[in-house]
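Notes follow the structure.
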Amino acid sequence: MEASRTTMKAVYLRSIKLTFLVMLVPSMFLCIVSDYLLRLWLGVEFAEHSSIVLSIVAIGIFFNALSQLPSMALQALGRPDIPAKCSLVQLPTYSLLLLVLTPMFGIAGAAIAWTLRVVVEMFYLLLTSLSKMSLLDDLSRYRYVGKATLAILLSSAFLLVARFGLGNPYVVLLVAVIAGGTYGLFVWNRVLLSSEQDTLTGLWKALRGNTVRNPSA
């Protein structure tokens with residue numbers, strides 16, 4: 001029983017770590033280059049009215065992805081009531097935010113309300129799940145958060161300079177790809193453990209194997 005709980009804790013922490021690292025890059029970069037992406041895809045007029053919405057939603061998607069793990073973990077621990085109670089408490093607050101922010105800011109206000117909701121939900125469920133599993137005693141296991149956040153902030157700063165300094169959307173997107181690749185290399189070499197690298201390598205090989213066997217998929 002104790003061995004299974006130890007394994008569950010290790011898998012849970014690894015899942016949080018990998019989800020955090022994987023979702024951080026596309027969310028932050030989408031937030032920064034949303035205007036250029038929409039300009040290239042749907043035109044200038046659409047981008048002028050919708051880029052801020054995409055940026056806000058991109059942030060919310062990051063936190064929403066992280067919130068799925070603690071929600072499932074709490075249910076696995078026999079406490080499905082915690083996510084349910086959290087949702088019930090959120091309902092009146094979220095409704096109030098929508099009533100206030102949507103008339104003030106339009107669709108951007110609705111995006112802000114949703115993002116605020118998922119941010120609060122993620123932190124509550126995450127801290128509660130970590131507490132239930134006694135995983136808050138050693139904060140050193142979460143050092144990767146600081147490293148990865150520093151890396152993405154530096155990359156984002158570089159990308160912002162390119163966005164406002166160069167102005168060419170194609171150049172900015174190229175810089176985004178380069179910055180994302182640099183972040184990936186940093187995470188692979190400085191943040192991931194060798195066991196996690198082996199896990200990701202195995203998943204990649206399995207994915208490639210399935211693709212080769214099913215070329216039409």
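The values are calculated or read from the model by the stated rules, or taken from the named source; none is laboratory data. On a predicted model such as this, the values are computed, not experimentally measured, just so you know. So basically every Cβ, Gly included, is an ideal-geometry build from the backbone, and we count neighbours across all protein chains shown.
Counting just the residues of the stretch 106-139 that are out of contact with any helix residue (DSSP H, G or I) (no Cβ under 7 Å at 6 or more places or on another chain) and over 25 Å from M8 (Cβ atoms), which one comes out surrounded by the most Cβ atoms within 10 Å (Cβ to Cβ)?
Among residues in the stretch 106-139 that are out of contact with any helix residue (DSSP H, G or I) (no Cβ under 7 Å at 6 or more places or on another chain) and over 25 Å from M8 (Cβ atoms), the one surrounded by the most Cβ atoms within 10 Å (Cβ to Cβ) is V120.
Tell me, please, whether a residue that is farther than 25 Å from L135 by Cβ and either among the small types (G, A, S) or in contact with a Pro (Cβ under 7 Å, 6 or more places away or on another chain) (or both) can be found in the stretch 67-86.
no
When residues of the stretch 96-133 are filtered for being modelled with pLDDT of 90 or more and among the charged types (D, E, K, R), how many remain?
2
Any idea which of (1) out of contact with any Asp or Glu (no Cβ under 8 Å at 6 or more places or on another chain); (2) crowded, with 20+ Cβ neighbours inside 10 Å; (3) not acidic (D, E) is the one L40 doesn't satisfy?
With (1) out of contact with any Asp or Glu (no Cβ under 8 Å at 6 or more places or on another chain); (2) crowded, with 20+ Cβ neighbours inside 10 Å; (3) not acidic (D, E) applied to L40, the lone miss is (2).
Being crowded, with 17+ Cβ neighbours inside 10 Å, out of contact with any Lys or Arg (no Cβ under 8 Å at 6 or more places or on another chain) and without any contact (Cβ under 8 Å) to a residue 40 or more places away in the chain is true for just one of L101, L91, L96, L66. Which residue is that?
L101
On the basis of being part of a helix (DSSP H, G or I), touching a Cys at 6+ places or on another chain (Cβ under 9 Å), closer than 17 Å to F123 by Cβ and not β-branched (V, I, T), does S67 make the cut?
no
For the stretch 13-34, does any single residue satisfy the condition of being within 23 Å of the chain's Cα centre (by Cα), modelled with pLDDT of 85 or more and of a type in the set (D, E, K, R)?
So far as the stretch 13-34 goes, no, none of its residues is within 23 Å of the chain's Cα centre (by Cα), modelled with pLDDT of 85 or more and of a type in the set (D, E, K, R).
Hey, among the residues in the stretch 193-210 that are modelled with pLDDT under 75 and surrounded by 11 or more Cβ atoms within 10 Å (Cβ to Cβ), which one's nearest to T19 (Cα to Cα)?
Taking the candidates together, the pick is E196.
Which residue pairs have Cβ atoms closer than 7 Å, lie 6 or more positions apart in sequence or on different chains, and pair a first residue in the stretch 181-201 that is free of Cβ contacts under 8 Å to residues at least 60 places away in the same chain with a second residue that is of a type in the set (S, T, N, Q) and assigned to a helix (DSSP H, G or I)?
What qualifies is T182/S155; W188/Q197.
Determine if the stretch 87-95 includes at least one residue that is β-branched (V, I, T) and at pLDDT 85 or above. Let's see the steps before the verdict.
Within the stretch 87-95, the first condition is being β-branched (V, I, T), and the residues that meet it are 89, 93.
Now restrict to residues that are at pLDDT 85 or above: 89, 93.
Yes, the stretch 87-95 has at least one match.
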